[in-house]
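The values are calculated or read from the model by the stated rules, or taken from the named source; none is laboratory data. All of these numbers come straight from a predicted model, not from anything done at the bench. A quick note on method: Cβ atoms are made from the backbone with ideal geometry, for glycine too, and the neighbour counts reach across all protein chains shown.
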Amino acid sequence: MRKNFYFIASVFLLLISFGANAQGELSFEKETHDFGTMPEGTQAAYEFRVKNVGDQPVIIANVQPSCGCTTPDWTKTPILPGKTGVIKAVYNSTGRPGAFHRSIAVTSNGKTTNHILYIKGEVGPKEEKNSYTQEQKLMSPRLAVGNTSYNFGKLEKGQKAVAQFIIKNTGRQDLVVQGVQSKCKCVSYKVSKPALKAGEQAVLELTYIPLMLKEQNEQITVLSNDIVMPNLRLTLKADVIEKQASKDMLREGK
C-alpha cells in the first residue's frame, strides 16, 4: 500500500513539473521589414507573421511603436500551439521626408516576453498629381512589364550582373523609356529600341553592380512618357558575398 502511495505521488509530481515547464513561445517569420522608397503621404502597411512554436497558448498583451507615426494592430485572441497570428504596422509618411527606422515592442506571456520588430524605409517627394483629361489618358503610351522582380541569387560584391525585362507599349502613342533611378545608384539601363510604337515589345536591360554585402532588395524606378503611370517600380534581389579573390588572399595570408 505504501509503495503504491509513493508511486502515485511521484507520478503526480512529474505531471506538475511538466505542466510548470510547458509554455508558449513566439517565433517571427521576420523581425525587420524594409518598405524601400515611397512618396510622402503614403500610408505604408506591413503584417509581421508570428507562430506559436511552444506547447501552450500565447496572448499578445501589448504592441508599442517607438513613435506616433506608426499605428499597430495585432491578433487579440490567444495564439494556440502551432498556429499563427499577425502584428500589423502602418507607417504614416505625411510630413516625414527622408530615411526612417522605427522599432515596435511586442509584449506577450510567452517564454520570451518581449520582442522588438523594426520597420524602415525612405520617404521621397510627394507624387505630383497631373490633371490630365480622360482623352489624354486614353491616347497616352502605356508601359507594361511581365515580371516586376528579378533574383540574381548569389553575387560577389562588385560583380556586374544583367537582368532583362520584357516591356510592351499597350497604349496608342510611341513609348519612350527616359531613365532609371535607384537609391543605391548602382544600376544602369539599356533599351533594345529607342521608342516603342503601339503594341511593340522591347528588352529593358538593367545592369547591377552590388556595393553592399548580404541580402539586397534594390528598388528601381523606370521613368517614361506614360502619363498614367510615369514611374514603374521594379525590384532586383541578390545575396551578395565577398569577392572570391579576397577570400583566397585571406587564406594565403594565414
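Things to note:
- The residue of segment 46-75 that is nearest to the chain's Cα centre (by Cα), among those that are of a type in the set (A, V, I, L, M, F, W, C) and part of a strand (DSSP E or B), is F48.
- Qualifying residue in segment 224-241 (condition: at positive phi and either modelled with pLDDT of 95 or more or surrounded by 13 or more Cβ atoms within 10 Å (Cβ to Cβ) (or both)): no
- Some residue of segment 20-38 being at negative phi, in a loop (DSSP other than H, G, I, E, B) and β-branched (V, I, T): no
- Unique residue being among the hydroxyl-bearing types (S, T, Y), more than 13 Å from V106 (Cβ to Cβ) and assigned by TED's automatic domain parsing to the domain that holds V106 when the list is T71, T75: T71
- Cβ-Cβ under 8 Å pairs, at least 6 apart or on other chains, segment 38-53 side within 19 Å of P78 (Cβ to Cβ), far side loosely packed, with under 15 Cβ neighbours inside 10 Å and of a type in the set (S, T, N, Q): R49/T84; V50/S27; V50/T84; K51/S27; K51/T84; N52/S27; N52/T84; V53/S27
- Of the residues making up segment 183-204, just one is in a strand (DSSP E or B) and touching an Asp or Glu at 6+ places or on another chain (Cβ under 6 Å), namely K190.
- Only one of the numbered conditions (1) outside any strand (DSSP E or B); (2) out of contact with any helix residue (DSSP H, G or I) (no Cβ under 7 Å at 6 or more places or on another chain) is not met by Q173, and that is (2).
- Scanning segment 171-216 for residues that are among the charged types (D, E, K, R) and more than 28 Å from the chain's Cα centre (by Cα), we see that the one that is nearest to G153 (Cα to Cα) is K193.
- Every residue from segment 94-112 that is in contact (Cβ under 8 Å) with a residue 40 or more places away in the chain and assigned to a strand (DSSP E or B): I104, A105, V106, T107, S108
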